[in-house]
1. Filter region 76-102 down to residues that are in contact with a Ser or Thr (Cβ under 6 Å, 6 or more places away or on another chain) and charged (D, E, K, R), then give me how many there are.
2. Restricting attention to region 225-271, which residues are more than 18 Å from Val187 (Cα to Cα) and surrounded by fewer than 13 Cβ atoms within 10 Å (Cβ to Cβ)?
3. With the structure loaded, tell me whether Gly206 is closer than 24 Å to Leu91 by Cα and open to solvent by less than 50 Å² (accessible area, probe 1.4 Å) or whether it fails that test.
4. Tell me which residues, restricted to region 229-271, are assigned to a loop (DSSP other than H, G, I, E, B) and more than 23 Å from Gln169 (Cβ to Cβ).
5. Return the pair list, or none, for Cβ contacts closer than 8 Å from residues in region 56-78 that are within 20 Å of Val36 (Cα to Cα) to residues that are crowded, with 20+ Cβ neighbours inside 10 Å and polar (S, T, N, Q), at least 6 apart or on different chains.
Amino acid sequence: MRKNKIREIFWGIALVAAAVFLVMNQLHLFSFHLKVSMIIWTIVFGAALIESLADRSLFGTTFSIAFLLIVYAEPLHITKIVPWTVLIAALLIYIGLTLIFRKSWFLGGNYFKHKFNPRDYYDDLSDFDKSYKTTDNNTINDSKDYTTDGDTINDSKDHTDGEDIVINQKLSSVSRYVHSQNLRSVVINSSLGEVEVYLDQAKAAGDVVTVDINGTMGEIEIYVPTSWKVNSDNLNLALGELDINDESTGGGPTLMLTGHFSMGDVEVNYV
């Protein structure tokens, strides 16, 4: 648990520093005086910036700087462009740098953390070989993503038949064909790309199949049998749309859509 412990210590020091700075500022021990809210947000976003740099998170780094600019808009004389101009500019910078340096040092970081990597949690990996196994004995190589159970689908794997499916996609366009005869859930982590998931050959383990969608800026197309029903009450779409083409004939399980997807579209097609 080495990484989590370091993070806890870091945030603990940051909060203590914030308290000391706040008291000294209120006692006018500095040659300058800052508002209490400005001190608090400076510590929060400053610490987030340092942590993002340490984690090699381009997303966290870009937006931490953007929020710091918003906090100091008045002394920097940029009040006319906050908050939306700064935030939109930060988003465009993030997308641009992501496209330019897609294999760079920054993108080695996890700016969408939905994966388990034993290197983050164990000091000694002597118990692990060059490949790691999930609980259902699906072998995952060092270069792959890690899950605690079910199948993790990578670019080299087009078909799967596990009960719990995880699809990770970044800056690409992928199609996945699920042939599970006992399907319980599908997790889709998508960033800046397109994902097609074909469930028309799959059979549900029960009355509900959960599809958890997380990510930003992309298109996700899901193909299901005509007998399946769709429930999207728990899917949060920010600046996006959900399209369900055609209607269910009934008699089948329910496809439960959950998660949070920003600035992207989700489409469900009956086949």
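1. 0
2. Ser227, Ala238, Leu239, Glu241, Asp243, Asn245, Asp246, Glu247, Thr249, Gly250, Gly251, Val271
3. Spelling it out, it is not the case that Gly206 is closer than 24 Å to Leu91 by Cα and open to solvent by less than 50 Å² (accessible area, probe 1.4 Å).
4. Asp246, Glu247, Ser248, Thr249, Gly250, Gly251, Gly252, Pro253, listed by residue number.
5. Partner pairs satisfying both residue conditions: Ser64/Ser52.
Every residue, every condition in (1) under 30 Å from Ser191 (Cβ atoms); (2) modelled with pLDDT of 80 or more; (3) not small (Gly, Ala, Ser), yes or no:
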site: Phe10; (1), (2), (3): yes, no, yes
site: Ser31; (1), (2), (3): no, no, no
site: Val36; (1), (2), (3): no, no, yes
site: Thr42; (1), (2), (3): yes, yes, yes
site: Leu53; (1), (2), (3): yes, yes, yes
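The values are calculated or read from the model by the stated rules, or taken from the named source; none is laboratory data. For clarity, every value in this text was computed on a predicted model and none was experimentally measured. Cβ sites come from the backbone with ideal geometry, for glycine too, and all protein chains shown count toward neighbours. These area figures cover heavy atoms from the full protein model, side chains too; ligands, DNA and RNA do not enter into them. Shrake-Rupley method; radii C 1.70, N 1.55, O 1.52, S 1.80 Å.
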